[in-house]
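So the structure is just underneath, and the comments pick up after that.
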Amino acid sequence: MVALLGYLSFVMGPIQLLKLYGVPYWLFVAWLDVVTYLHHHGHDDKLPWYRGQEWSYLRGGLTTLDRDYGWINNIHHDIGTHVIHHLFPQIPHYHLIEATEAAKPVLGKYYKEPKKSGPLPFHLLGVLLKSMKEDHYVSDSGDVVYYQRDPQLFGSESSK
């Protein structure tokens, strides 16, 4: 790939290659970063992190979230079905929706139903911004920890 990109840079010029390959690649990687972040952060009920004796495969899988990405779900292999993916990673993407629906009654209160999206998931921008303002770190001690807010990062509310 490096050789191909080097060749294309020579043939097309580096600026054209950046516009046609670099920028779309960067946008796609940024999108995947946001999707991954939202599968692990930003629920109204804080999601725990388990360590040591408290951690198990099941507990780890249940501390993820499904999200509805509107029509993007269909072009991203049902990327919103994250919980079932963590619990049963061997299930192929084309069975994730069916498997999620079958697992919901078994998971009961441990499954957090995603908020429904319109065609585009604009509702997740607020979730992302809120989480980035509140979920800064987890404590270095404890076997069950939650994200906490660092008041020095955005300034203390009491100093305003």
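The values are calculated or read from the model by the stated rules, or taken from the named source; none is laboratory data. What you see is a predicted model, and the numbers here were worked out from it, not measured in a lab. When we count neighbours, we look across all protein chains shown, and the Cβ atoms used for this are built from the backbone with ideal geometry, even at glycine. Side chains included, ligands, DNA and RNA excluded: accessible areas come from the protein's heavy atoms. Shrake-Rupley method; radii C 1.70, N 1.55, O 1.52, S 1.80 Å.
Has segment 51-59 got any residue that is in contact with a Gly (Cβ under 6 Å, 6 or more places away or on another chain) and among the basic types (K, R)?
Our first condition is that a residue be in contact with a Gly (Cβ under 6 Å, 6 or more places away or on another chain); within segment 51-59, this holds for none.
No, segment 51-59 contains no residue that is in contact with a Gly (Cβ under 6 Å, 6 or more places away or on another chain) and among the basic types (K, R).
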Of residues in segment 141-154 being open to solvent by 50 Å² or more (accessible area, probe 1.4 Å) and not in a loop (DSSP other than H, G, I, E, B), the one modelled with the lowest pLDDT: F154
Close pairs (8 angstrom Cβ cut-off, 6 or more residues apart or separate chains): at pLDDT 90 or above in segment 31-53, of a type outside the set (S, T, Y) and in a strand (DSSP E or B) anywhere: P48/V144; P48/V145; W49/V144; W49/V145; Y50/V144; R51/V144; R51/V145
Output the qualifying pairs, or none if there are none: Cβ atoms under 7 angstrom, residues six or more apart or on different chains, first residue in segment 128-139 and free of Cβ contacts under 8 Å to residues at least 40 places away in the same chain, second residue surrounded by fewer than 12 Cβ atoms within 10 Å (Cβ to Cβ) and in a helix (DSSP H, G or I). H136/L153
Given the criterion open to solvent by 30 Å² or more (accessible area, probe 1.4 Å), in contact (Cβ under 8 Å) with a residue 60 or more places away in the chain and in a loop (DSSP other than H, G, I, E, B), identify the matching residue among K116, K112. K112
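Looking only at segment 130-140, how many residues end up being open to solvent by 80 Å² or more (accessible area, probe 1.4 Å) and either more than 15 Å from the chain's Cα centre (by Cα) or among the hydroxyl-bearing types (S, T, Y) (or both)? So that I can check it myself, show each step before the final result.
If we filter segment 130-140 for residues that are open to solvent by 80 Å² or more (accessible area, probe 1.4 Å), which is where we start, we get 130, 132-133, 137, 140.
Filter again for either more than 15 Å from the chain's Cα centre (by Cα) or among the hydroxyl-bearing types (S, T, Y) (or both), leaving 133, 137, 140.
Residues in segment 130-140 being open to solvent by 80 Å² or more (accessible area, probe 1.4 Å) and either more than 15 Å from the chain's Cα centre (by Cα) or among the hydroxyl-bearing types (S, T, Y) (or both): 3 in total.
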From the option list E134, E113, E98, E157, single residue qualifying as among the acidic types (D, E) and modelled with pLDDT of 95 or more is E98
